[in-house]
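What follows draws every value from the coordinates through simple rules; no lab data is involved. Only a predicted model underlies this, so the values are computations on that prediction, with no experimental measurement involved. We place every Cβ from the backbone using ideal geometry, glycine too, and count neighbours over all the protein chains shown.
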Amino acid sequence: MKMNVCLDANVARLVHIDWTEKLELMVKQGLDRTTLDDDSIGISPLLGHEDCDLGKWLYGKALRHYNYSRVVWPLSDVHQKFHRVAQHMLEERKRLLTPGHDQSAAERIDIKEGIEQSLVEIHVLSREIIYLLTSMELDILESDKPSFISNSIRVLKMLVTPEPQTPKHEDIPTFCESSNIEGKKGEHVHKNYIEKINQTRLTHVEWVIDLQNAFRNYGRTVKLQPAEQCNLGLWIHNEGHEFLSQHTEISMLDQLHKDFHHAADETVSSLRSGRFQGSEESYHSALSLSKDIILLLTKVEYLYEGQDNLLKRMGGGVQNGQTSEVCDQS
């Protein structure tokens, strides 16, 4: 199987983000209404966790073919929780807006506050789903492509050395071989941009995973690069700079990345000085920030692709437990 951005585990992230964005839009619009109108967002929010697009893929192809991945069952658990919260939130929204439900002003405020709290939970659970899908994607690539492992080890060594380095073009793992993925104007620069986002995202997660293993020697041999010199930092301040500055919802990626490096540095410093409780707290902070980073990188990709390219990659494939014809590279 060739590595490409149309791999079903990769596309599953975009399917989930698309569904979640529409869910949040439906709920936020509902809070500003006084009656329950017919929704035209384009999702069926009360579907069970086994019936939505991600669920069909997860309990279909993912369990059949990717059951070796360490994250399949954790992903299933989080996905079920996500649907429970979504269903409760929408039931409360319906109760708020359905005529005949006479609530006092205080009760309506309580319901709205409960819905807003559910939106926070949805964000946290969605973030976890995206991170687990990225971890599964890495498991699949490492299982099917030995060359990806050697490439990743080389990139990892680059990240933990103090000298700024830029990987040669031919050394960067390629995640799309399809000429069908074109830019909004048919430019190949669009395809290259999407590939770079994916390479940056996967390298970041693999670095976090291997960083945890490096702490077994109490951080004595770990040398972390500054935030502006690592793979993600270089992307943020070069290819990603213009796009990030145009979208306020993802513009905080740079600060999150700096905070992540600060937490990673604190972890290593605590390990070296024997402050093990502090190192554990710092590491969990770094891991949480990493999940925020991966979510934002996925949103960058979601926003940059545009609806036409999203439909090409999403197609009908994940829903049916396979990639779409446009993206099929297996």
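Can you classify region 239-287 as rounded, prolate or oblate using the Cα gyration tensor, where a ≥ b ≥ c are the square roots of its eigenvalues, rounded means a/c under 1.5, and otherwise it's prolate if a/b beats b/c and oblate if not? The shape class here is prolate. Its Cα gyration tensor gives region 195-314 an equivalent ellipsoid. The semi-axes, each the square root of 5 times an eigenvalue, are 30, 13, 12 Å from largest down. Taking packing as the residue-averaged number of other Cβ atoms within 10 angstrom, the listed peptides 235-247, 252-264 run from highest to lowest as 252-264, 235-247. Can you give me the Cα centroid spacing of region 119-145 and region 295-310 in angstrom? Centre-to-centre (Cα) distance: 16 Å. Put in line by how crowded their Cβ is, counting other Cβ atoms within 10 Å and starting with the fewest, 310, 133 read 310, 133.
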